[in-house]
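The values are calculated or read from the model by the stated rules, or taken from the named source; none is laboratory data. Please read all numbers here as calculations on a predicted model, not as lab measurements. Neighbour counts run over all protein chains shown; Cβ positions are idealised from the backbone, glycine included.
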Amino acid sequence: MLSLYLQYVKGLTPGKAGAILVTQPMVMALVAGWAGRLSDKRDPRILASLGMGFSMVGLLLLIRINAATPIAYLVFTLAILGFGFGLFSSPNTNSIMGSVDKRFLGVASGTVGTMRMTGHGEHGYCHPHPEKLYWYRFHQTRKLSNVYLGHWYNLRCFCHAQCGGHLGFA
């Protein structure tokens, strides 16, 4: 969604849009290793919860974007998201893998990978009311209504994937 926003609303080339979007995975890669080492010494549940908190803040900051939003704001917000995802990912995996017997580590690892991929793949299919998406796309007059809807949709999908499908927004 942000790639399309950067290209069609901000008028950037695909290369420049990609250079901005790479902020999030770069920060995540830098933080994840540090968070994994820290989760060996501290309670991984606390670190993972802090990571989810940062991710929520980042997603909430993305709701405010419009045609006049500065690129620096987007880079800052993507950095917050990357920090949150990095702080969540390694401690969460550590917590899961530390909670099973050694003989089930392979099963646990496969389950974590499957759930992570299911969460990413489900992203495009988890809206509870597709007719509302239709209504927003064809009946809103504001140019960025799809962008605002998209971020609420992304927040719902992210929470849905992270909570195993037990959390949703009406």
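Which residue is farthest from MET97 (Cα to Cα), if the candidates are limited to segment 23-59 and must be modelled with pLDDT of 90 or more and among the hydroxyl-bearing types (Ser, Thr, Tyr)?
Residue satisfying both the conditions and the ranking: THR23.
Return the only residue of ILE96, ILE20 being within 20 Å of LEU2 (Cα to Cα) and either assigned to a helix (DSSP H, G or I) or at pLDDT below 90 (or both). Working first, answer last.
Details: ILE96 fails: within 20 Å of LEU2 (Cα to Cα).
Answer to the selection: ILE20.
Just to be sure I understand the filter: pairs with C-beta atoms under 8 Å, separated by 6 or more residues or on different chains, first member in segment 18-32 and at negative phi, second member not in a helix (DSSP H, G or I). Which pairs pass?
Here the result reads ILE20/LEU12, each pair linking segment 18-32 to a residue that is not in a helix (DSSP H, G or I).
Return the residues of segment 1-17 that are in contact (Cβ under 8 Å) with a residue 60 or more places away in the chain and of a type in the set (D, E, K, R); say none if nothing qualifies.
Our first condition is that a residue be in contact (Cβ under 8 Å) with a residue 60 or more places away in the chain; within segment 1-17, this holds for 1-2, 5-6, 9-10.
Passing the criteria: only LYS10.
Conditions tested, residue by residue: (1) under 20 Å from ARG116 (Cα atoms); (2) over 15 Å from the mean Cα position of the chain (by Cα); (3) part of a loop (DSSP other than H, G, I, E, B).
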residue	(1), (2), (3)
PRO25	yes, no, no
ARG45	yes, yes, no
LEU50	yes, no, no
GLY53	yes, no, no
ASN66	no, yes, yes
LEU74	no, no, no
GLY86	yes, no, no
